[in-house]
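Remarks on the structure that follows.
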Amino acid sequence: MKTNSKLFIYTCCGVIFFISFIGMLMYGYKTFYIETKSEPHKTYKYHFALIAEESDNDYWQLIKRGAKEAAKQNDIYIEYVAPEKADNEKMLKLLDRMISANVDGIVVQGIKGERFVNLVHKATEKGIPIITIDTDVKSSERKVYVGTDNFLAGKLAGQALLKNTTGEQYVGIVTGRFDALNQRERIAGFKQTIAGNDRIHIVDTKESNITVVGASQATYSLLKQYPKITALFGTSSLDGVGIIDGLEEIAPNKNLYIVAFDLLPETLNLIKEGKVDVTIAQYPEEMGSKAVSIMIKLQDNDILENRQYTGTKIIEKKDLLPDQAGDAK
């Protein structure tokens, strides 16, 4: 009887362990996206890592595409890793993991805070060059920043609003994440441009969590709380689409001045339809390609210019070709 009891207990423990192990594996898969497609028998010149903010985000997929193309042309293996959803802590864990893996170089979105600075220092001590992309952390030992001048991008949004509107303007801002440095820099540039102009007033800022649904909900909340809003500025790629969704739900006949961000096809279609007035263009494929090219150079030498900006400009309906449906964010 005792033997049977022990056997039953051991069996239960084994089953519990097996279930826990499977659960742990599933959690790891759901928490991070780590690309597993590789060519294990091929020898590459270098192994780089690209750490994105969010695995399936259209913008980061375009950065990935540019990086992959440049890597292919230069016989480089580039590993794309990212949290499933935007999460700074998970990005920092991935950065630490890639440093421990002793890759030849890491391209990563800059993250505000001491931990990021310390991890970049750790990589530098191990001889692993770090490039920040999309968002910079100037206080870190990163070798180069590659991407948009986000402060300038915000200024361009402010200039568009000043140029294309008249009279009192009450502006609601929809931003991807409050804790994202690039979003904060865009808002800062926007605020500096409109500062001192008595007819422009920012009423509030809401967070979209980098989703269309989140931007729609933020828009709905802004207009419900501040019916006098006359203009909306979305600071991340999906905000423009979400703003229109939210506007159509709460005030479909209200004529607002809409400033979006990036060149997603959906955003360009909204400009063509006259629902979005302008968007601020940046070029993620160029970022990815340029980051890989610079990382190759960093294998042997430092780069003198430690900020390598990619293009930024205002896009209006008159700038689009009749059949244009852009593919860059």
### Query
Regarding residue 149, is this residue touching a residue at least 60 places away in the same chain (Cβ under 8 Å) and touching a Gly at 6+ places or on another chain (Cβ under 6 Å)?
no
### Task
Might you let me know whether region 269-286 holds any residue that is among the hydrophobic types (A, V, I, L, M, F, W, C), at pLDDT 95 or above and over 30 Å from residue 165 (Cα atoms)?
no
### Summary
When residue 148 is run through (1) hydroxyl-bearing (Ser, Thr, Tyr); (2) crowded, with 16+ Cβ neighbours inside 10 Å; (3) farther than 26 Å from residue 286 by Cβ, the failure sits at (3)
#### Entry: Spans of strands (runs of 3 or more DSSP E) in region 268-326 with at least 2 residues in the same structural domain as residue 235 (by TED's automatic domain parsing) and hydroxyl-bearing (Ser, Thr, Tyr)
none
### Task
Report whether or not residue 141 is surrounded by fewer than 19 Cβ atoms within 10 Å (Cβ to Cβ), out of contact with any His (no Cβ under 7 Å at 6 or more places or on another chain) and of a type in the set (Asp, Glu).
no
### Task
Please go through region 71-92 and pick out each residue that is hydrophobic (A, V, I, L, M, F, W, C) and farther than 22 Å from residue 237 by Cα.
71, 76, 78, 92
### Summary
Within region 96-133, the count of residues that are among the charged types (D, E, K, R), within 17 Å of residue 295 (Cβ to Cβ) and in contact with a helix residue (DSSP H, G or I) (Cβ under 6 Å, 6 or more places away or on another chain) comes to 0
### Query
If you go through region 175-188 one residue at a time, do you hit one that is within 18 Å of the chain's Cα centre (by Cα), closer than 19 Å to residue 271 by Cα, crowded, with 24+ Cβ neighbours inside 10 Å and in contact (Cβ under 8 Å) with a residue 40 or more places away in the chain?
no
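On the given criteria, is residue 118 polar (S, T, N, Q) and either without any contact (Cβ under 8 Å) to a residue 24 or more places away in the chain or touching a Cys at 6+ places or on another chain (Cβ under 9 Å) (or both)?
Yes.
The values are calculated or read from the model by the stated rules, or taken from the named source; none is laboratory data. What you are looking at is a predicted structure, and each value in this text was computed from that prediction instead of being measured. A quick note on method: Cβ atoms are made from the backbone with ideal geometry, for glycine too, and the neighbour counts reach across all protein chains shown.
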